[in-house]
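Heads up: the structure comes next, in structure tokens.
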Amino acid sequence: MAVKLRLTRTGRHKDPFYRIVAADSRFARDGRCIEQIGYLDPAKGIDSAVIDEEKALEWLLKGATPSDTVRAVLSKKGLMAKAAEAKKAEKSKK
């Protein structure tokens with residue numbers, strides 16, 4: 001099962017609101033998800049995104065692949081760097 005961190009669209013017509021979720025890559029965009037890890041309101045910008053850092057790091061360490069937009073949000077929040085450090089620390093323990 002290939003897990004991706006991606007956006008699912010909610011909200012009204014011409015007023016989008018996105019949830020950041022971990023989902024199987026075979027599921028539809030707005031279909032089933034494994035776990036919700038945050039949300040994004042594009043009207044307020046990437047800086048206003050709310051993410052559960054523990055869940056996001058857990059999924060990244062398990063090998064989940066973020067979409068381009070989610071990668072940008074995680075990078076802005078500093079989570080991609082934390083994940084890289086954690087992976088490096090894991091490798092040095094072995």
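At 7 Å along Cα-to-Cβ for each site, give me the label-to-label distance between Thr65 and Arg9 in nm.
It works out to 2.2 nm between the two label points.
Calculate the spin-label point distance for Ile34 paired with Ala86, positioning each point 7 Å from the Cα along the beta-carbon direction, and give it in nanometres.
Calculated label separation equals 1.3 nm.
Relative to the longest principal axis of the chain, what angle (0 to 90°, nearest 10) does the C-alpha long axis of helix 53-62 take?
The two axes meet at around 60 degrees.
Summarise the accessible area of the chain (1.4 Å probe, protein heavy atoms) by the percent that is carbon and sulfur.
Answer for the chain is 50 percent, counting heavy atoms of protein chains only.
With a 1.4 Å probe and every protein chain left in place, work out the accessible area per residue of the chain in Å², rounded to a whole number.
66 Å²
From largest accessible area down, sort Lys76, Lys14; use a 1.4 Å probe on the protein chains.
Lys14, Lys76
Provide the net charge surrounding Arg26, with neighbours chosen by a C-beta distance below 12 Å and charges set as Lys +1, Arg +1, Asp -1, Glu -1.
Value of the local net charge: +2.
Label Phe27 and Glu54 with points 7 Å out from Cα along Cα→Cβ: what is the distance between them in nm?
2.1 nm
The values are calculated or read from the model by the stated rules, or taken from the named source; none is laboratory data. Computed from a prediction, not measured in an experiment: that's the story for all the values here. Don't worry about glycine lacking a Cβ; one is built from the backbone with ideal geometry, like all the others, and counts go over all protein chains shown. Heavy atoms of the whole protein, side chains included, go into the accessibility calculation; ligands, DNA and RNA do not. Shrake-Rupley method; radii C 1.70, N 1.55, O 1.52, S 1.80 Å.
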